[in-house]
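Peer 1: One structure follows; several queries about it will come next.
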Amino acid sequence: MDPMQPLPAHFDLSETWRQRFMRLAIEVGSWSKDPASKVGAVLVDRRKRVTGLGFNGFPRNVPDHPELLEDRDAKLMRTVHAEVNAILNATADVDGCALFATLHPCLDCAKFIVQCGIGKVYHLEALPGRHSRWMENFESARTVFREGGVLLEEVPRALVDVPRGPVQP
């Protein structure tokens with residue numbers, strides 16, 4: 001296999017690499033200015049090179065005034081999700097890459113992920129009761145992943161020693 005080619009859809013990373021990349025996604029998520037949800041995403045090619053980083057935030061040049069960040073409706077209509085930002089910020093073709101995300105991707109992000117050929121998504125285990133309003137959306141995203149041939153794997157919080165503080169997704 002050509003070492004410059006991205007990971008095939010069936011690749012699997014060791015626990016150590018999953019831990020490293022998920023910890024990096026958590027760090028990237030901490031860069032978000034959203035006071036309620038710090039979501040991060042990391043794209044990785046088959047040689048374990050980071051090809052894209054993203055966190056949830058407003059589009060370029062859109063002011064992130066505190067009053068907009070505190071208003072849920074105003075914030076949601078402006079926010080670009082971490083997964084999409086990682087894809088947009090990628091330094092190479094993402095076809096066949098793996099995506100690490102600190103939150104289960106939503107349906108809209110799932111469509112982007114499938115469309116650009118990402119082969120596998122690793123997402124951090126959700127805290128009990130957190131993001132409950134998104135559960136139906138996440139189920140729809142899982143359907144799109146199945147139909148689109150994208151593998152999905154939940155990474156246990158214990159693997160990455162994630163604190164249960166308020167800033168974690």
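The values are calculated or read from the model by the stated rules, or taken from the named source; none is laboratory data. Predicted model only: the values in this text are computed from it and were never measured. Cβ coordinates were reconstructed from backbone atoms using ideal geometry, including for glycine residues, and neighbour counts include every protein chain displayed. When the accessible area is computed, the model is the full protein with side chains, heavy atoms only, and any ligands, DNA or RNA have been set aside. Shrake-Rupley method; radii C 1.70, N 1.55, O 1.52, S 1.80 Å.
Peer 1: Applying a 10 Å radius around every beta-carbon, put 132-140, 83-91, 145-153, 40-48 in order of their mean neighbour count, most first.
Peer 2: 40-48, 83-91, 145-153, 132-140
Peer 1: Can you tell me what share of the DSSP beta bridges in region 1-146 is antiparallel? A percent to the nearest 5 is fine. Numbers along the way, then the final one.
Peer 2: Working: 10 of 14 bridges.
Here the antiparallel bridges make up roughly 70 percent for region 1-146.
Peer 1: Further question on the same structure: Quick check on my link table: of K38/K111; K75/K120; K38/K75, which ones sit more than 25 Å apart, alpha carbon to alpha carbon? Provide the component values of the computation, followed by the final result.
Peer 2: Working: K38/K111 21 Å; K75/K120 29 Å; K38/K75 13 Å.
K75/K120, as the Cα separations exceed 25 Å there.
Peer 1: Find how much the distance from A92 to E153 grows on full extension, using 0.36 nm per residue of separation minus their present alpha carbon separation; answer in nm with one decimal. Mind showing how you got there, number by number?
Peer 2: Details: separation 61, 0.36 × 61 = 21.96 nm, distance 2.33 nm.
19.6 nm is the gain from fully extending A92 to E153.
Peer 1: Another question about this same structure. Which ³J(HN,Hα) values, rounded to whole Hz and listed in residue order, are derived for region 45-51 from phi using the Karplus coefficients 6.51, -1.76 and 1.60 in 6.51 cos²θ - 1.76 cosθ + 1.60 with θ = phi - 60°, glycine and proline given as x?
Peer 2: Per residue, the Karplus-derived 3J(HN,Hα) values read 8, 5, 8, 6, 9, 6, 10 Hz.
Peer 1: Can you work out ³J(HN,Hα) from phi for every residue in region 29-43, in order, using Karplus 6.51 cos²θ - 1.76 cosθ + 1.60 and θ = phi - 60°, giving whole Hz and x for Gly and Pro?
Peer 2: Coupling constants for region 29-43: x, 5, 6, 5, 8, 5, x, 9, 8, 10, 9, x, 9, 9, 9 Hz.
Peer 1: Within region 27-48, what residues put their amide N at less than 19 Å from the label point 7 Å along the Cα-to-Cβ vector of H65?
Peer 2: Under 19 Å, as judged by backbone N against the label point of H65, lie 33-36 of region 27-48.
Peer 1: Please work out the FRET efficiency for the pair K48 and E139, using the Cβ-Cβ distance as r and a Förster radius of 25 Å; give the result to the nearest 0.05.
Peer 2: Computed FRET efficiency for K48 and E139 comes out at 0.25.
Peer 1: Another one. Please get the size of the charge dipole for the chain, origin at its Cα centre, with Cβ charges of +1 on Lys and Arg and -1 on Asp and Glu, quoted in debye to the nearest 20. Write down the numbers at each step before the final one.
Peer 2: On the way: 21 positive and 22 negative charges, 58 e Å.
Dipole size: approximately 280 debye.
Peer 1: Suppose all protein chains stay in the model; what accessible area per residue would a 1.4 Å probe give for region 24-128, in Å²?
Peer 2: Numbers: 4790 Å² over 105 residues.
On a per-residue basis, 46 Å².
Peer 1: Of K38, K120, which has the most accessible area with a 1.4 Å probe, and how do the rest follow in descending order? All intermediate terms of the calculation are to be shown ahead of the outcome.
Peer 2: Values: K38 40, K120 15 Å².
Greatest to least solvent exposure: K38, K120.
Peer 1: Where does the charge balance sit around R18 when Lys and Arg score +1, Asp and Glu -1, over other residues with C-beta under 14 Å from its C-beta?
Peer 2: Numbers: positive: R20, R23, K48, K120, R157; negative: D12, E15, E125, E153, E154, D161.
It works out to a net charge of -1.
Peer 1: Then there's this: At a 1.4 Å probe, what is the % contribution of carbon and sulfur to the accessible area of the chain? Present the calculation step by step, with values, prior to reporting the outcome.
Peer 2: Values: 4690 of 8910 Å².
Using a 1.4 Å probe with all protein chains present, the chain comes out at 53 percent carbon and sulfur.
Peer 1: Long-range amide H contacts for V121: which residues qualify at under 5 Å (H placed 1.01 Å from N, peptide plane, sequence gap of 5 or more or a different chain)?
Peer 2: For V121, the qualifying residues are L99, L151, L152, E153.
Peer 1: Once phi is turned into θ = phi - 60°, what whole-Hz ³J(HN,Hα) does the Karplus curve with 6.51, -1.76 and 1.60 give for every residue of region 100-116, x standing for Gly and Pro?
Peer 2: Per-residue couplings from phi come out as 10, 9, 7, 9, 4, x, 6, 4, 4, 5, 4, 5, 5, 4, 5, 4, 8 Hz.
Peer 1: Using a Gaussian network for the chain with springs between C-alpha atoms less than 10 Å apart, which of these wobbles most: F21, F112, F55?
Peer 2: F112
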